[in-house]
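Colleague: Next up is a structure, given as structure tokens.
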Amino acid sequence: ADTHPSKKVSLVLNLGVVFCQLFMCTYSCDDVMQQSGNVSNAIFSIPWTIFPMNEAGTIIRKN
């Protein structure tokens, strides 16, 4: 396996960049998932049973 040293360096650098991009993508997607979970928890913790029975209250109950 006589490979030129520049090809080895290029492969290692390319692999490092791929792992860096993979980390950045998964880290940002995890943050989006965490924030989405926080939004859903906030929505489901609303005391919707005490809303008045006017138009706004019935719209909230339908959704």
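Only the coordinates and a few stated rules stand behind these numbers; no lab work does. These numbers come from a predicted model, not from an experiment. As a convention, Cβ positions derive from the backbone with ideal geometry for all residues, glycine included, and neighbour counts pool all protein chains shown.
Colleague: Is it true that some residue in segment 33-45 is surrounded by 10 or more Cβ atoms within 10 Å (Cβ to Cβ), in contact (Cβ under 8 Å) with a residue 12 or more places away in the chain and out of contact with any strand residue (DSSP E or B) (no Cβ under 6 Å at 6 or more places or on another chain)?
Modeller: no
Colleague: I'm trying to understand the selection: among the residues of segment 1-45, which are more than 30 Å from residue 61 (Cβ to Cβ) and of a type in the set (Ser, Thr, Tyr)? Spell out the reasoning first.
Modeller: First, pick out the residues of segment 1-45 that are more than 30 Å from residue 61 (Cβ to Cβ): 1-31.
Correct list: 3, 6, 10, 26, 27, 28.
Colleague: Residues that are assigned to a helix (DSSP H, G or I), under 20 Å from the mean Cα position of the chain (by Cα) and without any contact (Cβ under 8 Å) to a residue 12 or more places away in the chain: does segment 8-18 have at least one? Quick ask: steps written out before the conclusion?
Modeller: Restricting attention to segment 8-18, the residues satisfying the condition of being assigned to a helix (DSSP H, G or I) are 8-18.
Right, trim to under 20 Å from the mean Cα position of the chain (by Cα) and you get 18.
Filter once more, so that each one left must be without any contact (Cβ under 8 Å) to a residue 12 or more places away in the chain: 18.
Checking segment 8-18: at least one residue is assigned to a helix (DSSP H, G or I), under 20 Å from the mean Cα position of the chain (by Cα) and without any contact (Cβ under 8 Å) to a residue 12 or more places away in the chain.
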